[in-house]
């Protein structure tokens, strides 16, 4: 019966060319949470490191906090055999055994490819082998595919065709595999990503481990909120938390903004070498609850005055999560007027990073916000 239902879903998508929103929603009802190898390890990734990261995701408490995907990025692919099937290179001697190990930890394994002939790092891509690669991934036990454009130019129709072709191939395997589109936001992918089967799609170029790169990407997401929701998410790229290029306040801004954006939370650091502060940032249950809220609403900017921005995310329980973001170089007092977020009169305010009930306030709430920092609060009308 389960196989028949899968076939029916694939049949509807393939024959009638309709977005499989129901299936997409079941795959990613909230933004995916996990880890990706590229930001920290890049081409140094191998089987042993992946196993270490899976172990650390469990032992650090990240799995308990909701993280589940271990994603191998570029440089894993080897050569194709005489029949055209892809094999991993020497760094990954047995991909099926690796998937089994990750699954034994209660986690899921992701992999990377490209609709080009070669990946961004020059390894074997999937062009012309989409069905074979999808079947191979399914046979290994892969649960997530990051599909990276890795070629210059391309029209919107070429991109739609390429991503649809791999989506259809994934459907035919009968295995639920989250489909992550990586093409840097070209041709307004947020307008059509869901229609080609994307569960998430990159909206920007690559993030870097510094405040200005992170802030430029994160704050530029305003206006894209109407394109996100259960099963189909805007992706402003992976987290840099813990890689060392930002201050504690800047990393708190990074995590807070991604949570308000209902962004995928894909850690990009070495999970086996985390400081207590990094673990605290990545596993704060109240902040993760903002990102994973079942309403699936992406937050947006409410007001901006120069370097001071107030963002708000509606929550399923009727409360509003507000981020007071200070992009200035000095500590400054910031205020959110309740009328700006649809609340009249009194409201309770809770600080999500300090885990403190701040009390009841009338009409507004003010706080001192450190340079490049944030105060993240949940506000609920009384």
Notebook entry, point to check: Can you tell me which of 72, 111, 86 is farther than 20 Å from residue 40 by Cβ and either crowded, with 19+ Cβ neighbours inside 10 Å or in the same structural domain as residue 285 (by TED's automatic domain parsing) (or both)?
Noted result: 86
Note to self: If I ask for residues that are without any contact (Cβ under 8 Å) to a residue 60 or more places away in the chain, surrounded by 21 or more Cβ atoms within 10 Å (Cβ to Cβ) and in a loop (DSSP other than H, G, I, E, B), which ones from segment 124-149 would you list?
What the structure shows: 125, 126, 142, 149
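When you look at residue 297, is it under 23 Å from residue 73 (Cβ atoms), assigned to a loop (DSSP other than H, G, I, E, B) and modelled with pLDDT of 95 or more, yes or no? Break it down stepwise before answering.
Details: under 23 Å from residue 73 (Cβ atoms): no; assigned to a loop (DSSP other than H, G, I, E, B): yes; modelled with pLDDT of 95 or more: yes.
In short, no.
Any residue at all in segment 317-325 that's modelled with pLDDT of 95 or more, over 16 Å from residue 260 (Cα atoms) and not assigned by TED's automatic domain parsing to the domain that holds residue 219?
No.
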Note to self: Of the conditions (1) closer than 20 Å to residue 28 by Cβ; (2) without any contact (Cβ under 8 Å) to a residue 24 or more places away in the chain, residue 113 satisfies every one except a single condition; which number is it?
What the structure shows: (2)
Notebook entry, point to check: Hey, which of the helices (runs of 4 or more DSSP H) in segment 17-74, taking only ones fully inside, have at least 3 residues that are at pLDDT below 95 and more than 30 Å from residue 122 (Cα to Cα)?
Noted result: 21-27
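The values are calculated or read from the model by the stated rules, or taken from the named source; none is laboratory data. Predicted model, so just to flag it, every value in this text is computed and none were measured. Because the Cβ atoms are built from the backbone with ideal geometry, glycine has one as well, and the counts that use them run over all protein chains shown.
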